[in-house]
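Derivation of every value follows stated rules applied to the coordinates shown; laboratory data play no part. None of the values given here were measured: they were computed from a predicted structure. As a convention, Cβ positions derive from the backbone with ideal geometry for all residues, glycine included, and neighbour counts pool all protein chains shown.
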2 protein chains.
Amino acid sequence: MKRTVIGVQQKVLDSNDQVAQANRQLFAQHHVAVLNLIGSPGAGKTTLLLATLSAMSARMRFAVIEGDLATTQDADKVAALGVPVYQINTDGACHLSARHVARAVGQLDLAAADVLLIENVGNLVCPAGFDLGEHAKVAVVSMPEGDDKPSKYPGIFARAAAVAVTKADLASHVDFDVARVRRDVGRLNSRCEVMVVSARTGRGMQAWCDWLARFAAACRAPGQGPAH
Amino acid sequence: MKRTVIGVQQKVLDSNDQVAQANRQLFAQHHVAVLNLIGSPGAGKTTLLLATLSAMSARMRFAVIEGDLATTQDADKVAALGVPVYQINTDGACHLSARHVARAVGQLDLAAADVLLIENVGNLVCPAGFDLGEHAKVAVVSMPEGDDKPSKYPGIFARAAAVAVTKADLASHVDFDVARVRRDVGRLNSRCEVMVVSARTGRGMQAWCDWLARFAAACRAPGQGPAH
């Protein structure tokens, strides 16, 4: 039984990787930089994304894919900013797959975008294992979640190009040691950038936006990928 | 391909349900009430569990199973309270299975426990679909996560006997509408009890502990299950 399951899972991943590869080629053709935002439910992914769009829409053109089990609440908020967005409802599935993304990009005008932000289903575990064809994964973890997350959920932190520590406006109300997070992430992944942000107060948003702009420029440079 | 995957998933669930049924019989034999705590990473499951043990250990005898991807941090905290605990490391798997629990209960003295608390892997999605043989699932959602969680992650809220809204000490620092949560949970599951708690200040802990004691007594009454 166990061998059968592993066999099929392997096929599912192989098939996912093939579609991810096709997505990647499409993104390269259109010179669009693609980030896959992964974090727990309520980590602040949507709020960070909305603040990023508000801060950077004058500098570059965005498109967004929203992944949720149910509802279009997040996509509605993005659309209200006038940014092209496609909502995927996974109908209970715990992560986005490359096929979900392939379907979504078919509905978006990639030629009109510099950066595609994909907000994954709220889940710190499963999305980490699925390549969507993105240039990088960004882990989003909020201060109220606690500073033990990189040690307890290492998979995503080992694979992320950056970690956004969100809800820094709550810093004085929760026990959260940023140094511990930097240390634990550094052990898993020495090239990962850890940034502390608050979309509410604006703290750290400039550094986050600058990182995103640099990363996107590196992805979009012809024949070059980013350092990560 | 799709049919193959669904076929195998169905077998995995069938096999899980068989082991869950055996777990359930074992729990009944030992008159132990079993709760499965499910919530996002950082929702406050461990903190609620530790506060519950501290408040109730004089009234009833507990045992604990801790589920994590990695580390024994949570089990260490439970053991420090002198409560029997077994740590499961799922090695990357996103939920506990009935088999994990069967293995763990083999290492615990069920005859010496009135209540077994199982803390699932931090994940608001996948654990909802797996019966462990428990009497009830409890959904744990923290105020900083936001009041949209029942509508966006309906699976667990539709199945839970109770919802603990945690970190109520942060109520004045975050936007969280308890009435919205009650309304959205009520739509999914009219018999579900929604309780607002703060392990830090003690707010709501008496009501939570009273609910737990009533629920456990109903589970443990010979020939009777709880209302849920």
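Compute the convex hull volume of the Cα atoms of the range A:69-153, divide it by the residue count, and report the result per residue in Å³ as a whole number.
126
In the structure shown, do any of B:Lys45/B:Lys77; A:Lys149/B:Lys45; A:Lys137/B:Lys149; A:Lys45/B:Lys77 have a Cα-Cα gap over 19 Å, and if so which? The answer is A:Lys137/B:Lys149; A:Lys45/B:Lys77. By the count of neighbouring beta-carbon atoms within 10 Å, fewest first, A:His31, A:His173, A:His100 end up ordered A:His31, A:His173, A:His100. Restricting the calculation to Cα atoms, the range B:150-228 yields a radius of gyration followed by a Dmax of 13.9, 47 Å.
The Cα center of the range B:186-211 and the Cα center of the range B:144-184 differ in position by 11 Å. Remark: B:Leu212, A:Leu188 ranked as A:Leu188, B:Leu212, counting other beta-carbon atoms within 10 Å and listing the fewest first. Taken about its Cα centre, the range B:64-177 carries a charge dipole of roughly 300 debye when the Cβ of each Lys and Arg holds +1 and the Cβ of each Asp and Glu holds -1.
If you wrap the Cα atoms of the range B:54-201 in a convex hull and average its projected area over all directions, you get 9.3 nm².
By definition, a body whose alpha carbon gyration tensor gives a ≥ b ≥ c is oblate when a/c is 1.5 or more and a/b is not larger than b/c, and the range B:62-117 fits this oblate description. Normalised by the number of residues in chain A, the mean separation of alpha-carbon contacts (under 8 Å, six or more apart) gives a relative contact order of 24 percent.
Tell me the volume per residue, in Å³, of the convex hull enclosing the alpha carbons of the protein assembly as shown.
Working: hull volume 63.6 nm³, N = 456.
Here the figure is 139 Å³ per residue.
About the centre of its Cα atoms, the protein assembly as shown shows a dipole size close to 380 debye [charges on the beta carbon of Lys, Arg (+1) and Asp, Glu (-1) only; nearest 20 debye].
Per-residue shielding of A:149-157, expressed as the average number of other chain Cβ atoms within 10 Å of the residue Cβ, stands at 4. Each Lys and Arg contributes +1 and each Asp and Glu -1, all at the Cβ; summed about the Cα centre of chain B, the dipole is approximately 500 debye. Along the axis of the charge dipole computed for the protein assembly as shown (Cβ charges of +1 for Lys and Arg, -1 for Asp and Glu, origin at the Cα centre), the listed residues A:Ala102, A:Gly44, B:Pro150 are led at the positive end by A:Ala102.
Tell me, B:Phe27, B:Phe157 in order of fewest to most beta-carbon neighbours within 10 Å?
Least to most surrounded, the residues fall as B:Phe27, B:Phe157.
Built from the Cα atoms of the range B:1-130, the convex hull projects on average onto 8.0 nm², one quarter of its surface area.
Farthest toward the positive end of the dipole of the range A:157-228, out of A:Ala160, A:Val197, A:Val181, is the Cα of A:Ala160, where the dipole comes from beta carbon charges about the Cα centre.
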